[in-house]
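Inspection log for the structure reproduced underneath, given as C-alpha cells.
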Amino acid sequence: MNGLEPSKRISQRALTLWRIYGVIYTSVTLLLTIGGIILVILFDWPWWLIAIAAAILVLETVFLIWLIPSIRWKRWRYEVTEQDIELQHGLFIITRTLVPMVRVQHVDTEQGPLLRKFKLSTISISTAATVHEIPALDEEEAEHLRQSISSFARVAEEDV
C-alpha cells in the first residue's frame with residue numbers, strides 16, 4: 001500500500017440509503033419508548049424512566065440518521081488495479097485492506113429491495129480466507145467492476 005488513499009468513492013445515494021436504515025432502527029427504539037411511557041403511566045413507575053428513554057431516542061436519531069452515515073460515506077473508498085483491490089473504510093478506526101488479485105476466487109453482486117430501489121449494488125469479493133464487500137455502488141459501476149475484477153483475477157491466476 002502506498003501512502004495515498006484509494007481514489008474511488010461509493011455512490012452518494014448510499015447516504016440516503018443508510019439514513020433510511022437509521023430511521024428503521026430508530027423506529028424500533030421509538031416503539032419501545034412508547035411502550036415504556038405506557039408502562040410508566042399504567043404502573044405508576046418513576047417519570048425519569050421516560051426522560052432516559054427520550055434521551056436514548058434523541059441520541060440514536062442523531063447518530064444513526066445523521067452522523068454515522070455521513071462519516072461512513074466519507075471514509076469508504078476503493079481502488080481496483082490489475083494487481084490488487086484496495087479498500088478503505090471505518091468510522092473512527094480506519095481499516096485499509098489490500099486484496100491481491102491472485103487471491104480472488106469469485107466476485108458477486110448483491111441487491112436487496114432498498115438497494116434495488118436506489119439502483120445500487122454491493123460487490124462481494126471472495127478469497128480463501130474471507131469475503132470483502134464494496135457497498136452501495138451504482139448498478140452499472142458494480143457490474144463493470146465485477147467484470148473487471150473477474151478478468152483481472154483470471155489473468156493473475158494464469159501468471160502464477
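Within the range 95-102, is there a residue that is assigned to a helix (DSSP H, G or I), basic (K, R) and modelled with pLDDT of 95 or more?
no
Does A142 qualify as being out of contact with any Pro (no Cβ under 8 Å at 6 or more places or on another chain), assigned to a helix (DSSP H, G or I) and buried (at least 18 other Cβ atoms within 10 Å of the Cβ)?
For A142, the condition - out of contact with any Pro (no Cβ under 8 Å at 6 or more places or on another chain), assigned to a helix (DSSP H, G or I) and buried (at least 18 other Cβ atoms within 10 Å of the Cβ) - is met.
Just one of (1) assigned to a helix (DSSP H, G or I); (2) in contact with an Asp or Glu (Cβ under 7 Å, 6 or more places away or on another chain); (3) under 24 Å from H132 (Cα atoms); (4) of a type in the set (S, T, Y) trips up T26, so point out which.
Here T26 meets the rest and fails (3).
The values are calculated or read from the model by the stated rules, or taken from the named source; none is laboratory data. If you're wondering where the values come from, they're calculated on a predicted model, not measured in any experiment. Don't worry about glycine lacking a Cβ; one is built from the backbone with ideal geometry, like all the others, and counts go over all protein chains shown.
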